[in-house]
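Some notes on the structure that comes next.
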């Protein structure tokens, strides 16, 4: 089963007025605000593992997270995944992920449109559950 949509892209991201480390706070803050305008309930963006930024997004019963970090300068990696994904044993007892693959895809489409409209984004490479490179990635998010 597909779990996460992963995106690799190039962008020049301006420095944030308050948060200079790690890079990317301005882009994550703008992305969260624009997703909220599209009907996603977003929380405050947060420092993710001291190497990037994350934000939680909710719509209806779906709970998803977006994490983003700079890989080499000017290149970024972003992942969209359910906030909760139970392990094998708990799934056997009926526990479900906090978002379906279709809901992950819906958020990926909104992220893709938002980044594209803001002109933050060059050479987007999307892929399910892996590192987006070569023949296993596409320029647009693909349905599960």
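No value in this document is a laboratory result; all are computed from the given coordinates. No experiment lies behind these values; they were computed from the predicted model shown. Cβ atoms come from the backbone with ideal geometry, glycine included; neighbour counts cover every protein chain shown.
Mean projected area of the Cα convex hull of segment 5-136, taken over all directions, amounts to 8.6 nm². Sorting the segments 5-16, 39-50 by their residues' average number of neighbouring beta-carbon atoms within 10 angstrom, most packed first, yields 5-16, 39-50.
Take the Cα of residue 37, step 7 Å toward its Cβ, do the same at residue 123, and the gap between the two points is 2.8 nm. Between helix 25-37 and the chain there is an angle of about 60 degrees, using the helix long axis and the longest principal axis of the Cα atoms. The angle between the Cα long axis of helix 101-117 and the longest principal axis of the Cα atoms of the chain comes to about 10 degrees, rounded to the nearest 10.
Packing, as the average of other Cβ atoms within 10 Å across residues, places the peptides 51-62, 129-140 in the order 51-62, 129-140, highest first.
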